[in-house]
Amino acid sequence: MCNCSPVYEDLKGKTLLITGGTGGLGEAFCREFARNGANLCICYNTKRKKALELQSQLEKKHNIRACVFQLSQEDHKSCREVTAGALEHFGQVDCLINNAAMEPQKILFEEASLDYINRLIDVNIKGPINMCQSLLPHFRKRRKGVIVNIGSIWGQTGRRGSIIYGLTKQSTTVLTRMLAMEYAVYRIRVNSIIPGYFDTGMARVMNAEDLKIIKKSIPLRRLGTGEEIARVAAFLCSDHSSYITGQQVSVNGGAHML
């Protein structure tokens, strides 16, 4: 990770709530925002030990404040409780990063079980909806706030064996646009980041042969790093992007060009 000085001074002292904070991309987001001086609410689902280790490390290294929360984002009550806990701990939340998601299985569409389909829908569609519903009253009351939803290139291009997953991740684009339109009057900005193939993301669940083919198909001929996508998130949460809302930002090395 880069040890350079903070890029966005206006992020210093702000509070970020990051779902999926112990995953590959989630950890990269936490590290980047801590580097910029932001306080963190690190949400995890099962990896409590990793969340606590990350909290301790970032507090010591960057002299920030951080707290950890167990979150089952498909459960509306859990989202409400995490939001209340974050507000009690910090007094306010400035930005939400909807990063948590269920990773795909490579499976033929007709063979996908109902349990698998429902689980993807619950986590990847209902989850971000629940978190937005939980935090938007606070943002609306303050008349400011930023939401960044994390999508997937498979929601843009599709991928054999991952139809349901791609469908659920494409929903983040629709949610982003609709929220941006409805809440702009409250000075709340909503954007989405569409990751391509990253060394901390979907590449971890792909076999070596598929990964080799993917790398060859990317114009930049490599996977992205967590740091590269985290810097985009930092920009979108900063005042430097104050006139950007309702947009999807693709970070994919040219793997899909709009």
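Every read-out reported here was derived from the displayed coordinates using simple, explicitly stated rules and does not represent laboratory data. Nothing here was measured: the structure is a model prediction, and the numbers come from that model. Positions of Cβ are generated from backbone atoms using ideal geometry, with glycine treated the same way; all protein chains shown enter the neighbour counts.
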*Lysine pair number, Cα distance threshold 23 Å (strictly under), region 97-223, separation 8 or more or different chains*: 7
_Can you show me the helix-derived [θ] at 222 nm for the chain, built from DSSP H runs with n ≥ 4 at -39,500 (n - 2.57) apiece and divided by the number of residues, rounded to the nearest 500._
-13500 deg cm²/dmol
*Taking Lys60 as the anchor, which aspartates and glutamates have their alpha carbon closer than 17 Å to its alpha carbon, excluding any fewer than eight residues away along the same chain?*
Glu27, Glu32
_For region 7-33 versus region 110-145, the gap between their alpha-carbon centres in whole angstrom_ = 19 Å
_Formal net charge of residues neighbouring Arg80 (Cβ-Cβ distance under 15 Å; K, R +1; D, E -1)_ = -2
*If you line up the long axis of helix 226-237 against the longest principal axis of the chain, both from Cα atoms, how many degrees apart are they, to the nearest 10?*
50 degrees
_Candidates per trypsin sites (Lys or Arg not before Pro) in region 74-158, loop by DSSP, up to 10 other Cβ within 10 Å_ = Arg143
_Point-charge dipole on Cβ atoms (K/R +1, D/E -1) for the chain, about Cα centre, debye to 20_ = 400 debye
*asked:* Rounding to the nearest 10 and keeping the result within 0 to 90°, find how far the Cα-based axis of helix 76-90 lies from the longest principal axis of the chain.
replied: 40 degrees
*Positive end of the charge dipole of the chain (Lys, Arg +1 and Asp, Glu -1 on Cβ, about the Cα centre): tell me which of His89, Tyr165, Ser242 has its Cα farthest that way.*
Ser242
*Exposure proxy order (Cβ contacts within 10 Å, fewest to most) of Phe33, Phe109, Phe198*: Phe109, Phe198, Phe33
*Cα-based helix-to-principal-axis angle, 163-183 vs the chain, degrees rounded to 10*: 30 degrees
